[in-house]
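Undergrad: Once you've had a glance at the structure underneath, I'll fire off some questions.
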Amino acid sequence: MKENVKRREPWIRGLYMLLFLVIYSVAEIVFAAVVVFQFISSVITGNTNQRLLEFGQSLSTYLYQTLKYFSYNTEEKPFPFAPWPESESPSSKSDT
């Protein structure tokens with residue numbers, strides 16, 4: 001156990017996790033704003049805003065990547081240590 005505590009890698013990862021915790025908190029607020037603006041846009045225009053749709057897709061992918069890093073499911077650090085995730089253009093939208 002002493003050897004594990006003295007290892008540098010877990011502590012560095014812990015610092016990255018603290019950084020990503022702050023970034024994740026800000027991203028959650030931005031995501032909530034996207035949801036609200038998309039709802040308002042759909043109520044006013046009757047359609048979804050394509051730019052918000054694409055940004056919401058890439059932001060949700062980023063949040064997913066961050067959660068994977070937090071849960072040790074990946075060693076790959078998300079943005080800003082990796083490229084921002086690209087949004088996938090929805091080929092078809094279901095009206096449910």
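Undergrad: Is it true that SER87 is surrounded by 12 or more Cβ atoms within 10 Å (Cβ to Cβ), in contact with a helix residue (DSSP H, G or I) (Cβ under 7 Å, 6 or more places away or on another chain) and at negative phi?
TA: Answer is yes for this residue.
Undergrad: Looking at the stretch 63-75, can you tell me whether even one residue there is of a type in the set (Lys, Arg) and either at pLDDT below 95 or surrounded by 15 or more Cβ atoms within 10 Å (Cβ to Cβ) (or both)?
TA: To start, the set of residues in the stretch 63-75 that are of a type in the set (Lys, Arg) comprises 68.
So of that shortlist, the ones also either at pLDDT below 95 or surrounded by 15 or more Cβ atoms within 10 Å (Cβ to Cβ) (or both) come out as none.
Looking through the stretch 63-75, none of the residues is of a type in the set (Lys, Arg) and either at pLDDT below 95 or surrounded by 15 or more Cβ atoms within 10 Å (Cβ to Cβ) (or both).
Undergrad: With respect to PHE20, determine if the residue is buried (at least 16 other Cβ atoms within 10 Å of the Cβ) and either touching a helix residue (DSSP H, G or I) at 6+ places or on another chain (Cβ under 6 Å) or at pLDDT 95 or above (or both).
TA: yes
Undergrad: Out of the residues in the stretch 24-62 that are within 17 Å of the chain's Cα centre (by Cα) and of a type in the set (Phe, Trp, Tyr), state the one that is surrounded by the most Cβ atoms within 10 Å (Cβ to Cβ).
TA: Residue satisfying both the conditions and the ranking: TYR62.
Undergrad: So which of SER41, SER25, SER87 ends up being among the hydroxyl-bearing types (Ser, Thr, Tyr) and either in contact (Cβ under 8 Å) with a residue 12 or more places away in the chain or in a loop (DSSP other than H, G, I, E, B) (or both)?
TA: SER87
The values are calculated or read from the model by the stated rules, or taken from the named source; none is laboratory data. Just so we're clear, the structure is a prediction, and the values are computed from it rather than from any experiment. Neighbour counts are summed over all protein chains in view; Cβ atoms, including those assigned to glycine, are modelled from backbone coordinates with ideal geometry.
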